[in-house]
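K.L.:
Take this structure, written in structure tokens, and hold onto it; I'll ask about it next.
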Amino acid sequence: MNYRNLLVFAAFLTLACAPEPEITSAEVERVLSTLSADSMQGRDIFTPGIAMAEAFIQSEFADIGLETLDGLDSYAQRFPVYSLAAESQRVELNGRAVAEDRIAASVSQESIRWTSTDDVNVVVVGPDHDLREQFSSLRRQDGNSLVLVHDNHEQFFNNVRMFMSRPRYTLDLEGSNMVMILTRQTDVTSLTVEMDYARTTAELTNVVGVIPGRRSDEVVLFSAHHDHVGIGRPVDGDSIYNGANDDASGTTAVIALARYFKQLRQPERTLVFATFTAEERGGFGSQYLSRQMDPDQTVAMFNIEMIGKPGAENPNLIWITGFDETDFGEILQQGLVEDSGYTFGADPYPDQDLFYRSDNAAFARLGVPAHSISTTSMDSDEDYHQASDEIETLDIDHMTMTVKAIALGAMPIVSGEATPTRVNPSGLN
Ligand SMILES: [Zn+2]
């Protein structure tokens, strides 16, 4: 062997023996403890605490060496949301003015002018209908709806009215509008609705980093939400809702996965790492990012939520929401080496509709195989949205194992060997 060959051989040995990058519990604990510290004030939107969290995640992405998303010059993806405060409301139904306490409105426009039923979809909730059940589907209706609610439902109507009159934010000013009226009328012969709202604009921030793959037009998204519910009712003197499990644990996983994949050779597919704002306040962060990415180029979404605790019944199960909607879960099962002790499986709480309740939903509705991945017992977790959701209640070793399992399970998708089937959006409710 001549000297040159020896050099080549030495280089080969270095490559072949390069240690597999490790996801360590010390690293998981470092990131998790920072994100769930009291100084972050529970990471509610529009607070200095969430701004600190966003700055920390950006510094981690910079340290890892991620690139920025096309069109952005930093990891911060800032976008506006709007809040509308009622200024005036006038409703006339069949020639008679409707009293203010019989009107409940949920709107996304500064000005509403309906002059006949041609402008709206009229829905009648009769005395024997279940308003509670109808309400959730009504809220998802597109366009303009006028809902005539029978007097029998007065109590529930009043709750809805309270709920709808609280200040809320909206991502766009061309969304749907719903006006509910408490009345015994079921026919509409004439209609006038005039409502005006004052608009204020506020800014929210997602944090997004990229590892460009060899294929720039095939993207795998890893995500979690970095916001939580902030400061609330004190429990035993503690008013900071730290959200260590929900969802500092998922955010920590996204950072750990970015660090892991950055140490491997360039991936075949482009990897996007995103931490969302405002999951707890309407899912605006994921909705906004879903509009900035091409859903047809987004091959899969790993949305990681509450992996800080093993499940009570099956501690080695990592469950996936909407398991049967695509073959994403089966691909993860195949990618996971058998001796890890962990398995991927279906979400054990199908009645809770979790597939529709987290940040994956914005992408799933566009056809992306977008799933949330979790391990926490949703039926019995005492710390969920409580001041007690603190790092002390989490199992760091379990969390570390779960992040490793996700890394391994994702490998066939990252490497381009496997492509999950798409979600059929028309089948979603
Ligand atoms: Zn969450």
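K.L.:
Could you list, in sequence order, the residues of segment 354-375 that are of a type in the set (D, E, K, R) and either within 14 Å of the ligand (Cβ to nearest atom) or crowded, with 24+ Cβ neighbours inside 10 Å (or both)?
P.N.:
Passing the criteria: R357, D359.
K.L.:
Filtering segment 159-168 down to residues that are touching a residue at least 40 places away in the same chain (Cβ under 8 Å) and surrounded by 12 or more Cβ atoms within 10 Å (Cβ to Cβ), which residue is farthest from T186 (Cα to Cα)?
P.N.:
R168
K.L.:
Right, F302: open to solvent by less than 10 Å² (accessible area, probe 1.4 Å), in contact with a Pro (Cβ under 8 Å, 6 or more places away or on another chain) and within 27 Å of S340 (Cα to Cα) or not?
P.N.:
no
K.L.:
Take residues that are more than 16 Å from the ligand (Cβ to nearest atom) and closer than 30 Å to V124 by Cα and tell me which of the strands (runs of 3 or more DSSP E) falling wholly in segment 182-240 contain 1 or more.
P.N.:
In segment 182-240, the matching strands (runs of 3 or more DSSP E) lie at 191-211.
K.L.:
Within segment 162-211, how many residues are closer than 23 Å to N152 by Cα and either out of contact with any strand residue (DSSP E or B) (no Cβ under 8 Å at 6 or more places or on another chain) or assigned by TED's automatic domain parsing to the domain that holds A258 (or both)?
P.N.:
Total satisfying the criteria: 5.
K.L.:
Please verify whether segment 246-258 includes one or more residues that are of a type outside the set (S, T, N, Q) and open to solvent by 20 Å² or more (accessible area, probe 1.4 Å).
P.N.:
The answer is no; no qualifying residue exists.
K.L.:
Of the residues I307, I331, only one is in a loop (DSSP other than H, G, I, E, B) and either assigned by TED's automatic domain parsing to the domain that holds F344 or buried (at least 18 other Cβ atoms within 10 Å of the Cβ) (or both); which?
P.N.:
Sole residue among the options that is in a loop (DSSP other than H, G, I, E, B) and either assigned by TED's automatic domain parsing to the domain that holds F344 or buried (at least 18 other Cβ atoms within 10 Å of the Cβ) (or both): I307.
K.L.:
For segment 348-366, name all the residues that are out of contact with any Pro (no Cβ under 6 Å at 6 or more places or on another chain) and at pLDDT 95 or above.
P.N.:
Once the filter is applied, which keeps residues that are out of contact with any Pro (no Cβ under 6 Å at 6 or more places or on another chain) and at pLDDT 95 or above, segment 348-366 yields D359, N360, A361, A362, F363, A364.
K.L.:
Additional query: Being in the same structural domain as T321 (by TED's automatic domain parsing), over 20 Å from F273 (Cβ atoms) and over 21 Å from the mean Cα position of the chain (by Cα) is true for just one of S388, S415. Which residue is that?
P.N.:
S388
K.L.:
A follow-up question, please. Does S249 qualify as being in a strand (DSSP E or B), within 15 Å of the ligand (Cβ to nearest atom) and at pLDDT 95 or above?
P.N.:
no
K.L.:
Taking the condition of being part of a loop (DSSP other than H, G, I, E, B), in contact with a helix residue (DSSP H, G or I) (Cβ under 6 Å, 6 or more places away or on another chain) and within 16 Å of the ligand (Cβ to nearest atom), how many residues in segment 259-282 meet it?
P.N.:
2
K.L.:
Let me ask something additional. Can you pull out every residue in segment 290-310 that is of a type outside the set (K, R) and more than 16 Å from the ligand (Cβ to nearest atom)?
P.N.:
S290, Q292, M293, D294, P295, D296, Q297, T298, V299, A300, P310
K.L.:
Under 6 Å by Cβ, and 6 or more places apart or on different chains, what pairs join a residue from segment 333-351 that is closer than 17 Å to T375 by Cβ with one that is among the hydrophobic types (A, V, I, L, M, F, W, C) and open to solvent by 40 Å² or more (accessible area, probe 1.4 Å)?
P.N.:
L336/L408
K.L.:
Residues of segment 405-429 being under 24 Å from Y349 (Cα atoms) and not aliphatic (A, V, I, L, M), which ones?
P.N.:
Within segment 405-429, G409, P420, T421, R422, N424, P425, S426, G427, N429 meet the criteria.
The values are calculated or read from the model by the stated rules, or taken from the named source; none is laboratory data. For clarity, every value in this text was computed on a predicted model and none was experimentally measured. We place every Cβ from the backbone using ideal geometry, glycine too, and count neighbours over all the protein chains shown. These area figures cover heavy atoms from the full protein model, side chains too; ligands, DNA and RNA do not enter into them. Shrake-Rupley method; radii C 1.70, N 1.55, O 1.52, S 1.80 Å.
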